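Below is one structure, written out as structure tokens; the observations come after it.
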Number of protein chains: 2
Amino acid sequence: MAATVKDVAKHAGVSTATVSRVINDDPRISEGTREKVLKSIEELDYKINSIARSLKTNKTYTIGFICPELANNFFMSVAKGVEDEIRKQGYSVIVCNSNESIEEEKERFRLLTEKCVDGMIVIPASNEGSHFNLFKESRIPVVLVDRLVEGFQADAVLVDNINGCYSAVEYLINKGHRRIGFIGGDMRLTSARERYEGYTRALADYCIPIEDCIIKFGDFHAQSGYEMMKQLMHGENPPEYVFISNYFMHIGATKYLMEKNSQLNHKVSIASFDDMELTSILGFCDVIVDQPISEIGYKAAELLMERMNGTDSIFPQIVRFKTNLKIK
Amino acid sequence: MAATVKDVAKHAGVSTATVSRVINDDPRISEGTREKVLKSIEELDYKINSIARSLKTNKTYTIGFICPELANNFFMSVAKGVEDEIRKQGYSVIVCNSNESIEEEKERFRLLTEKCVDGMIVIPASNEGSHFNLFKESRIPVVLVDRLVEGFQADAVLVDNINGCYSAVEYLINKGHRRIGFIGGDMRLTSARERYEGYTRALADYCIPIEDCIIKFGDFHAQSGYEMMKQLMHGENPPEYVFISNYFMHIGATKYLMEKNSQLNHKVSIASFDDMELTSILGFCDVIVDQPISEIGYKAAELLMERMNGTDSIFPQIVRFKTNLKIK
DNA sequence: AAGATTTATGCACTCGATTACATTTATATA
DNA sequence: TATATAAATGTAATCGAGTGCATAAATCTT
């Protein structure tokens, strides 16, 4: 049905090689034939078949993006940054959902390999990454985002979680607070670990004892934020401030506090990660560690482009963005 | 580098045709050769090259998803539903951002055509759709989601916006409210128009006069929700209830009310569309029109699959999901 | 004007897999 | 046992575009 180079060639009275050269802006084509061919392309409404082209050139101009969840603002903001950057170079993005499962992550990886993507950007489901060997073997460039994977060396774009969290806790300490609780994420994720590290380090530096009873660990989801805040508030001596390790748990925690606010005879405030659209209306929070989410996506795309263009150093590049402390 | 059918064929001592048949589960292959081939595939770590396959079969097992924005929970929840459903059949999804621009929408469409996607799911940027002729010509199956396009007949998955909005307004009327304001979306979108229609229809059916001064139109973004609520509250006689046409404007409006709450000598409540994770903590809202977002994605995928498999009727199918009124 | 260069174009193979058709081998039938 | 039939495999063309090499045409040299 659709016109091919052959049709165009016949129509223009030239060979397919010439048509191909016109399409690819080969300079050694005379102005006359170029126009003739372009006219035929126009008239036949010829559109290139990138499948055929890819087969020959071994380039698909497609990258894969694997993340643990699609309906997640953080991940999708990264994806947006990636898409934005990468399409400028004519690439497009196949988006895959690993569902926070290592198995599915592996499975998506296989799929993308079969589809011959030129590169991948992965937000790992876990730091457990034995299956990441597959990446190495495949020789497909990979850039990790937000989290690292044990035993797998690759380019990565992260934020300085430790100092981000540290600065928030330090700020609270300087404001005179001593009893600062913590709600952490899944400790199998580097980001969760680093944030916890920032918390403990700040306390240690200011000689404040670490009280396990005001430290809880959730899983970065709203429901667990709700639960953990509940547990904290039901403790013997609840903290006056709670640092919450991500946006979604922050939402859950706020939900709990809103529901139970009148019944609680204890005032609590929140410091948290991520300044999303909604953060400003989450009423208990006045200290925010903001990370440059779009930039993360841009940078990941940029690193990947470098690898795909072969201008790579042997050494993996780890880019860490600084966070920004916002006080309401 | 990577092994091809040829390599496998040589290694197993058979022809490439036989290898291909094994890969594609052709039943008329003897158990013996099948095992031999599978063993070679294993040993050579052969992976199929779907580019080559697609060229021959004219199927890419890839669909396109074009939406006006990536970092948008509603769109991405639809995308999630789509991905979920479609990957069961071995498809994957190229996600494109039209940036709410008709031009970019067109441009993405061209890209996806070149990439030979088997179908597309589109959340249109506008009801203006002269460029949708391209779809017709291309003969690539398309399913529209959430919004229709003028003059373009295609399968679509929508919700019953009119009755959804109607039921909420009716509920408020039955509770004794008479002065119900309205914040609408961009009227170039069918969804915005239908919701407004539901509002006016309910008022008319209950013989309540429509007061233009308590009706504002934004653009479905948070910022405009903020602005419009501000305008309403600064009006001479602000309404007691406001129906807000979508989640993001709801957020913006709430933000305004939270900031100015103490200074307003007028109490206002909100009814709104969409029950997202955060809706429950948006403090002014107690009436919600909930739409089955994931289902929308599933259904769109399903319709598209039907078209792609050619089991299509000539007539476009329009599926409209009922909404569900939730009272807090 | 004949040969050397440069420029423009075409021929034909290739990428990796699928498949119609041909051929071989095994099995059933008379 | 010869023949018909079914099952298993191979041969070779094909999908649509790109490209090394060959060739033709145009331009330059001397």
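The values are calculated or read from the model by the stated rules, or taken from the named source; none is laboratory data. For clarity, every value in this text was computed on a predicted model and none was experimentally measured. For neighbour counting, all protein chains shown are included, and Cβ atoms are generated from backbone atoms with ideal geometry for every residue, glycine included. Ligands, DNA and RNA are excluded from the accessible area calculation, which covers all protein heavy atoms including side chains. Shrake-Rupley method; radii C 1.70, N 1.55, O 1.52, S 1.80 Å.
Taking every residue in region A:267-286 that is assigned by TED's automatic domain parsing to the domain that holds A:G252 and pairing it with any residue that is small (G, A, S) and buried (at least 21 other Cβ atoms within 10 Å of the Cβ), at least 6 positions away or on another chain, the pairs with Cβ-Cβ distances below 7 Å are A:I270/A:A253; A:A271/A:A168; A:F273/A:S245; A:E277/B:A222; A:C285/A:A271; A:C285/A:S272. Scanning region B:257-269 turns up no residue that is open to solvent by 10 Å² or more (accessible area, probe 1.4 Å), of a type in the set (K, R), part of a helix (DSSP H, G or I) and within 11 Å of chain A (Cβ to nearest Cβ).
Residue-by-condition table, conditions (1) open to solvent by 10 Å² or more (accessible area, probe 1.4 Å); (2) hydroxyl-bearing (S, T, Y):
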| position | (1), (2) |
| --- | --- |
| B:V78 | no, no |
| B:Q89 | yes, no |
| B:S92 | no, yes |
| B:G119 | no, no |
| B:E137 | yes, no |
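Against the criterion of being within 16 Å of DNA strand D (Cβ to nearest atom), open to solvent by less than 20 Å² (accessible area, probe 1.4 Å) and either part of a helix (DSSP H, G or I) or of a type outside the set (G, A, S) (or both), A:V82 does not qualify.
For residues in region B:7-22 being closer than 9 Å to B:V37 by Cα and either more than 6 Å from DNA strand D (Cβ to nearest atom) or within 14 Å of another protein chain (Cβ to nearest Cβ) (or both), which is surrounded by the fewest Cβ atoms within 10 Å (Cβ to Cβ)? Steps first, please.
Of all residues in region B:7-22, those closer than 9 Å to B:V37 by Cα come to B:8-9, B:11-14, B:18-19, B:22.
Checking the rest, the ones that are also either more than 6 Å from DNA strand D (Cβ to nearest atom) or within 14 Å of another protein chain (Cβ to nearest Cβ) (or both) come to B:8-9, B:11-13, B:19, B:22.
Details: B:V8: 25, B:A9: 18, B:H11: 18, B:A12: 21, B:G13: 11, B:V19: 26, B:V22: 22.
By that ranking, first place goes to B:G13.
Just so you know, in region B:99-111 the residues that are more than 8 Å from every other protein chain (Cβ to nearest Cβ) and closer than 19 Å to B:E137 by Cβ include one that is most open to solvent (accessible area, probe 1.4 Å), and it is B:E103.
Against the condition over 28 Å from A:M308 (Cβ atoms) and not small (G, A, S), how does A:R34 come out, does it pass? Give the derivation first.
Details: over 28 Å from A:M308 (Cβ atoms): yes; not small (G, A, S): yes.
In short, yes.
Could you check how many residues of region A:6-30 are under 19 Å from A:S54 (Cβ atoms), assigned to a loop (DSSP other than H, G, I, E, B) and near DNA strand C (Cβ under 6 Å from one of its atoms)? Number of matching residues: 0.
For A:D275, state whether it is open to solvent by 10 Å² or more (accessible area, probe 1.4 Å), more than 11 Å from every other protein chain (Cβ to nearest Cβ) and not in a strand (DSSP E or B). So A:D275 fits the description; yes.
Could you identify the single residue in B:I48, B:I63, B:I94 that is outside any helix (DSSP H, G or I), more than 12 Å from the chain's Cα centre (by Cα) and within 16 Å of DNA strand D (Cβ to nearest atom)? If you could, list the steps in order and put the result at the bottom.
Working: B:I63 fails: within 16 Å of DNA strand D (Cβ to nearest atom); B:I94 fails: within 16 Å of DNA strand D (Cβ to nearest atom).
Going through B:I48, B:I63, B:I94 in turn, just one is outside any helix (DSSP H, G or I), more than 12 Å from the chain's Cα centre (by Cα) and within 16 Å of DNA strand D (Cβ to nearest atom): B:I48.
With respect to the conditions (1) more than 14 Å from DNA strand D (Cβ to nearest atom); (2) open to solvent by 20 Å² or more (accessible area, probe 1.4 Å); (3) in contact (Cβ under 8 Å) with a residue 24 or more places away in the chain, A:E35 lacks only one, and its number is (3). When the strands (runs of 3 or more DSSP E) confined to region A:103-195 are screened for residues that are more than 18 Å from the chain's Cα centre (by Cα), those reaching at least 3 such residues are found at A:180-184.
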